[in-house]
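Report on one structure; see the data block that follows.
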Amino acid sequence: MATITAASPRPSAAPAAMEETSKAMPTSEWPAASGGNASPPARSRPSLLVIFSACLVLLGAGGPLLLRVYFVHGGTRLWLSATLQISGWPLLLPPLCVSLYRGRRHGIGNLLLPRRLVGAAAVLGGLYAVSCFVYALGSQALPLSTSSLLLATQLAFTAVFAFLFVGLRFTPFSANAVVLLTIGPAVLGVGPSSGKPAGESSRAYWTGFCEAIGAAALAGLVIPLVEVATARYGRRTGPAARVPPPYATVMQMQAVMGAAGTAVCVLGMAIKGDFQAVAREAAAFGLGAANYYLVLAWDAVSWQLLNLGIMGLITCASSLLAGIMIAVLLPLSQVLAVIFLHEKFDGTKGIALVLSLWGFASYLYGEKAQKKEEAQKMREREQEVALAQKTADVESAAP
């Protein structure tokens, strides 16, 4: 057989082509050759962790609502309200300990975050605390329906920063979604009196307007940086990077960021004297002292669900998907504000809501079209490999 190969007037190009194509494909993507036919590519489905994280984000919709309840009924402490948005991380300690205990056979040290990732998460937690404080400033001056619409602009900031730091590639549909989700909240600025609460000056409204935009920008910066830190300082490389990390990693990231952010907020509370003012504020709260503490407690729980869900989407999927899910909260916040806070929903907010929902639908359609295109390319690559393998088998069997 070696003599026949050496005497062949031309080298076989098929094995080389097959080898070249196989190098371009991961081993896990090779087709299972059965009778020379390539098996159809597996349809990509979101993992259970991604679905679970998305549900947590939706369950956390009560966080912005309860924060607005705190301000409407007499709450004025900004650093306290910022603390509520980030201080629920101790709730993660019991499930985190259980998760680490169950995975002890793999080595506890292999499940803990690397030190460099812990440091990066702590810095990002402090930056997120500043974002929460700025959001509290805007929530104090704006109705919930208006502030939630403005917060939806974080998707535009997330997309821009993800493009700069993560290497996000824009498609026509994702670009259209970003534009629509930016124009929607901008419509509110055309006539601020339509969303301005009674008795509030235009200057205070515009100040809250800019503060809400600033909070969206900071949140849009933190989300891609979390993805960058996880990819750069995490241990997951090679084939393990293609599967979602264990949820213990998500809880550790959220706990570290929450602890660092809480330290920043507690320092701000101490400087502003919020600890001494809590008892006086509870006594003067419009819903009563008991309900005051209930609002604070449940607000912290709701924000923790929201934060954990966002962290899960960033770690198990992408920062852009996390930004999209935050935008999904927009219509839910609108409905909750109208039902429970009796806020008025006029034409300006209606236009902004329609544009935002249009942008979200455009993103979903674009993602579906992109997945379909990727599946088609994968099918073509598998057919090329199968054809090259079949050609190589025929030539090797030739006398």
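The values are calculated or read from the model by the stated rules, or taken from the named source; none is laboratory data. Remember, predicted model here, so these are calculated numbers, not experimental data. Methodologically, a virtual Cβ is constructed for each residue, glycine included, from the backbone with ideal geometry; neighbour enumeration extends over all protein chains shown. What goes into the accessible areas is simple: the full protein's heavy atoms, side chains included, and nothing from ligands, DNA or RNA. Shrake-Rupley method; radii C 1.70, N 1.55, O 1.52, S 1.80 Å.
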Failed condition for Leu287, given (1) outside any helix (DSSP H, G or I); (2) touching a Ser or Thr at 6+ places or on another chain (Cβ under 9 Å) | (2)
Taking the range 272-284 only, how many residues are free of Cβ contacts under 8 Å to residues at least 24 places away in the same chain and in a helix (DSSP H, G or I)?
-> 6
Picking from Arg68, Arg102, which residue would you name as being among the basic types (Lys, Arg) and open to solvent by less than 60 Å² (accessible area, probe 1.4 Å)?
-> Arg68
If you scan the range 165-179, which residues turn out to be assigned to a helix (DSSP H, G or I) and in contact (Cβ under 8 Å) with a residue 12 or more places away in the chain?
-> Phe165, Pro172, Phe173, Ser174, Asn176, Ala177, Val178, Val179
From Val130, Val123, grab the single residue that is surrounded by fewer than 17 Cβ atoms within 10 Å (Cβ to Cβ) and either β-branched (Val, Ile, Thr) or within 21 Å of the chain's Cα centre (by Cα) (or both).
-> Val123
Under 26 Å from the mean Cα position of the chain (by Cα) and free of Cβ contacts under 8 Å to residues at least 60 places away in the same chain - does that describe any residue in the range 335-353?
-> yes
Just need a number here: residues in the range 99-133 that are at pLDDT below 90 and under 16 Å from Leu308 (Cβ atoms).
-> 3
How many residues does the range 39-64 hold that are modelled with pLDDT of 85 or more, part of a helix (DSSP H, G or I) and under 17 Å from Leu151 (Cβ atoms)?
-> 4
Can you find a residue in the range 72-89 that is open to solvent by less than 50 Å² (accessible area, probe 1.4 Å), more than 30 Å from Val335 (Cβ to Cβ) and not in a loop (DSSP other than H, G, I, E, B)?
-> no
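Could you say whether any residue in the range 376-389 is in contact with a Cys (Cβ under 8 Å, 6 or more places away or on another chain) and open to solvent by less than 50 Å² (accessible area, probe 1.4 Å)? Walk me through it before giving the result.
From the range 376-389, those in contact with a Cys (Cβ under 8 Å, 6 or more places away or on another chain) are none; that's our starting set.
No - not one qualifying residue is present in the range 376-389.
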Conditions (1) assigned to a helix (DSSP H, G or I); (2) aromatic (Phe, Trp, Tyr); (3) surrounded by 14 or more Cβ atoms within 10 Å (Cβ to Cβ): number failed by Tyr293 | (3)
Residue identified as closer than 30 Å to Tyr233 by Cα, buried (at least 20 other Cβ atoms within 10 Å of the Cβ) and not aromatic (Phe, Trp, Tyr) among Leu150, Leu113 | Leu113
The range 175-188, residues that are modelled with pLDDT under 75 and open to solvent by less than 20 Å² (accessible area, probe 1.4 Å) = Leu181, Gly184, Pro185, Leu188
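Could you say which residue among Leu308, Leu321 is open to solvent by less than 40 Å² (accessible area, probe 1.4 Å) and either in contact (Cβ under 8 Å) with a residue 24 or more places away in the chain or assigned to a helix (DSSP H, G or I) (or both)?
Leu308 is the lone residue from the list that is open to solvent by less than 40 Å² (accessible area, probe 1.4 Å) and either in contact (Cβ under 8 Å) with a residue 24 or more places away in the chain or assigned to a helix (DSSP H, G or I) (or both).
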Which residues, taken from the range 190-225, are open to solvent by less than 40 Å² (accessible area, probe 1.4 Å), in a loop (DSSP other than H, G, I, E, B) and modelled with pLDDT of 60 or more?
-> Pro197, Glu200
